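Student: Take this structure, written in structure tokens, and hold onto it; I'll ask about it next.
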């Protein structure tokens with residue numbers, strides 16, 4: 001049977017142990033591995049490694065009876081549910097896997113087969129899709145659904161998420177790899193441990209990976225808020241960290257482009273910031289909203305012109321010290337922000 005992405009989160013959280021098994025396939029090994037880990041953990045529990053039998057594709061190719069034998073094997077050490085995991089499967093292993101599925105009976109282990117991208121006409125896919133008690137789940141590069149995010153949060157004991165916090169998490173899930181997003185959820189669970197209050201966008205911002213160095217982020221806010229006197233000391237700190245003037249110019253251009261997109265959005269500044277990728281949320285979103293409103297579209301366009309010219313100057317063979325060129329441009333921007 002085919003298992004849709006919409007129904008996958010619910011089934012994987014509470015799999016039917018009487019079923020014969022599941023094929024999980026997809027082009028992204030990380031996404032497939034995460035689903036495999038969730039399914040096996042739900043079947044066995046977190047610490048029941050004795051119930052898991054792994055079979056490499058090469059071993060099954062040499063000895064086709066391995067999968068069927070493992071499904072019917074009874075261990076004197078492991079009790080309860082057992083799982084047989086076949087990794088790196090291809091259509092070439094269709095025959096022994098189909099034989100194991102057809103011979104599956106009550107009390108046999110649950111068969112989990114992992115494969116890469118499979119075409120619609122794949123024999124291995126067809127074997128699971130047409131079986132009465134086995135599932136085929138295709139994993140694609142789509143961001144996680146709300147149900148999948150809620151399932152991940154539930155495993156960390158997080159259930160009280162207001163709408164704004166869920167929107168922030170959903171936006172973050174679209175900008176991160178699945179593994180990185182899973183780590184954010186784990187850190188959020190630790191961060192909120194012992195805190196009975198609802199999850200807030202500020203909590204999410206506290207555990208989200210930073211897109212750039214905190215000192216560089218501080219510098220961009222200082223410039224956008226026209227705090228001219230603070231530019232020099234922050235630049236010296238960044239220089240001691242080894243951050244190059246061109247990198248500062250690129251980050252400043254990105255920051256002011258975000259402000260320009262927000263200021264020019266027909267739905268307003270908040271609407272513009274909500275469309276950004278990577279997402280902007282929490283106190284940083286409010287701060288950038290104030291900056292965009294204060295600058296306005298016209299002055300932000302002028303600021304971007306200054307930054308583009310500065311970037312070109314830094315990449316040329318000009319004799320002026322690069323950090324001095326960058327500092328002069330940032331001070332000029334801050335002065336523009338005061339008008």
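Residue-wise test of (1) part of a helix (DSSP H, G or I); (2) without any contact (Cβ under 8 Å) to a residue 60 or more places away in the chain; (3) not assigned by TED's automatic domain parsing to the domain that holds residue 316.
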residue	(1), (2), (3)
182	yes, no, yes
185	yes, yes, yes
199	no, yes, yes
203	yes, yes, yes
218	yes, yes, no
233	yes, yes, no
243	no, yes, no
250	yes, no, no
253	yes, yes, no
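Student: Sticking with this one: Looking only at the range 1-14, how many residues end up being exposed (fewer than 14 other Cβ atoms within 10 Å of the Cβ) and either touching a helix residue (DSSP H, G or I) at 6+ places or on another chain (Cβ under 6 Å) or in a helix (DSSP H, G or I) (or both)?
Tutor: Residues flagged as exposed (fewer than 14 other Cβ atoms within 10 Å of the Cβ) and either touching a helix residue (DSSP H, G or I) at 6+ places or on another chain (Cβ under 6 Å) or in a helix (DSSP H, G or I) (or both) within the range 1-14 amount to 4.
Student: Please pick out the residue among 17, 31, 82, 54 that is under 25 Å from residue 155 (Cβ atoms), touching a strand residue (DSSP E or B) at 6+ places or on another chain (Cβ under 8 Å) and buried (at least 20 other Cβ atoms within 10 Å of the Cβ).
Tutor: Of 17, 31, 82, 54, the one residue that is under 25 Å from residue 155 (Cβ atoms), touching a strand residue (DSSP E or B) at 6+ places or on another chain (Cβ under 8 Å) and buried (at least 20 other Cβ atoms within 10 Å of the Cβ) is 82.
Student: Among the residues of the range 73-92 satisfying the criterion of being farther than 19 Å from residue 40 by Cβ and over 35 Å from the mean Cα position of the chain (by Cα), which is modelled with the highest pLDDT?
Tutor: 74
Student: Within the range 152-163, restricting attention to residues that are modelled with pLDDT of 85 or more and over 12 Å from residue 188 (Cβ atoms), which residue is nearest to the chain's Cα centre (by Cα)?
Tutor: Within the range 152-163, the match that is nearest to the chain's Cα centre (by Cα) is 154.
Student: Please find, within the range 257-275, the residue that is nearest to residue 167 (Cα to Cα) out of those that are over 25 Å from the mean Cα position of the chain (by Cα) and in a helix (DSSP H, G or I).
Tutor: Per the criteria, the residue is 269.
Student: Can you pull out the residues in the range 93-120 that are under 19 Å from residue 3 (Cβ atoms) and either within 30 Å of the chain's Cα centre (by Cα) or modelled with pLDDT under 90 (or both)?
Tutor: Correct list: 110, 111, 112, 113, 114, 115, 116, 117, 118, 119, 120.
Student: For the range 172-204, what are the residues that are at pLDDT below 80 and over 18 Å from residue 37 (Cβ atoms)?
Tutor: 174, 175
The values are calculated or read from the model by the stated rules, or taken from the named source; none is laboratory data. Bear in mind the structure is a predicted one, so any value in this text is a computation, not a measurement. No Cβ is skipped: glycine too gets one built from the backbone with ideal geometry, and neighbour counts run over all protein chains shown.
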